[in-house]
Amino acid sequence: METYKSSLRFIILSLFMAAMLNTVLYAQGTDSRRIFENKDRFYIGILLTPQQTSIQNEGFSDKLTLTKKMSFNISVDGAFYFSNYIGINFGAGYNPYSSELFLAQYIADFSARDTDSPPEDYEMQIDGSSITEIQNISFLSIPVSLALRIPAGSKLGFFVNAGISAEIPMVKTFDGTGTFTYDGYYSVYPVTLHNLPEYGFASDLATSVSEELDIKSFNAAITASGGIYFYLGASFQITLGAHFNKFLSDISNYSSDGDFYLTTKMNELNSIMEGSTKAGVQALGISLGLRYFLK
């Protein structure tokens, strides 16, 4: 939430600065407006963005902790300016997100039936510890944004882009680890089967899995960026700024019907996302770009 609020403050401040600069530039007369020529209407470019990413699994447990991960976004973009100051920006990029989730302890119990003849009912009692899950999701991002640029001299200026992006998942995996004990309590006797792995009741069993996440095939995100640009000669421009992405809805495609258990048997470990009410994604980074203006 703090990342989101900070990014909104940055965008609002950038828009305010741009508006103030625009007023100053118009007051200066034609000299500043002469900075842009017809060749400055359209550019193509490349953006490199190291970013801090977050995949939030909400509603699972208040004891679940999240560690944000760094990733590297690469994209190509272009823009067409309808006037000296306003245009439309579009592009495509590979946008990876990653987070590490940690749960110190997990306890669950449920009714089960063994495979004896005749089968008998019992209560499966599960005690887990040191559960870690690393989620990695990468999207093909296709953003479309409103583009604003304001010169602050013959070579230097400010830019702000804000819009929406289509997000299509390309990579969607999780790696989970934990230690689990499985006990079977037979109330009819009564007796608890403990440390009998040959019967499915292992003690302190180290478990590790690598599987795919169930992610919606199409998602939408808001995207915003702002910063400064600097001309390198007549046709090239370098940019430096902040970039923010936040998905507009739940990316999880898991069904919320029925009870959820991280594990029900030995060597099984389900994703924490499956037991969450909502999975949200956001990123904040610093972008370095190179633009080439077509003549």
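Readers should treat all values here as calculations from the given coordinates under stated rules, not as data from a laboratory. Since the structure is predicted, the reported quantities are computational estimates derived from the model, not experimental observations. Every residue, glycine among them, receives a Cβ derived from its backbone with ideal geometry; neighbour counts consider all protein chains shown.
Just a few scattered comments:
- Using alpha-carbon coordinates, inclination of helix 2-27 to the longest axis of the chain, degrees: 10 degrees
- Reach of Lys69 by Cα under 12 Å, taken over aspartates and glutamates that are not fewer than 8 positions away in the same chain: Glu100
- Selected from Leu196, Leu64, Leu284 as most flexible by GNM, with the chain as the system and alpha-carbon contacts under 10 Å: Leu196
- Average Cα contact separation per residue, the chain, under 8 Å, 6 or more apart, as relative contact order %: 21 percent
- Candidates per chymotrypsin sites (Phe, Trp or Tyr not before Pro) in the range 73-119, loop by DSSP, up to 10 other Cβ within 10 Å: Phe82
- Within the range 99-136, the GluC sites (Glu not before Pro) that combine a DSSP coil assignment with at most 15 other C-beta atoms in a 10 angstrom radius are Glu120.
- Of Glu268, Glu198, Glu211, the one that fluctuates the most in a GNM where the chain has Cα springs shorter than 10 Å: Glu198
- Placing unit charges on the Cβ atoms only, positive for Lys and Arg and negative for Asp and Glu, gives the range 2-293 a dipole magnitude near 2840 debye about its Cα centre.
- Antiparallel beta bridges, as assigned by DSSP with both residues in the chain, represent about 100 percent of the total such bridges.
- Sparsely packed loop sites in the range 35-102 (the trypsin sites (Lys or Arg not before Pro) outside DSSP H, G, I, E and B with at most 15 other Cβ atoms within 10 Å) comprise Lys63.
- Radius ratio Rg over Rh of the range 222-288, counting only Cα atoms, Kirkwood formula for Rh: 1.32
- Gain upon complete extension [Thr115, Tyr292; 0.36 nm per residue less C-alpha separation]: 56.8 nm
- Averaging Cα coordinates gives a centre for the range 47-118 and one for the range 141-170; these two points are 22 Å apart.
- Among Asp62, Asp40, the order by Cβ neighbours within 10 angstrom, fewest to most, reads Asp62, Asp40.
- Pairs from the table (Lys68/Lys216; Lys68/Lys246; Lys63/Lys246) lying more than 19 angstrom apart at Cα are Lys68/Lys216; Lys63/Lys246.
- Percentage relative contact order, the range 150-295, counting C-alpha pairs under 8 Å, at least six apart: 25 percent
- Ignoring aspartates and glutamates fewer than eight residues from Lys295 along the same chain, the ones with Cα atoms less than 20 angstrom from its Cα are Glu37, Asp40, Asp77.
- Considering all C-alpha pairs of the chain, those separated by over 30 Å amount to 47%.
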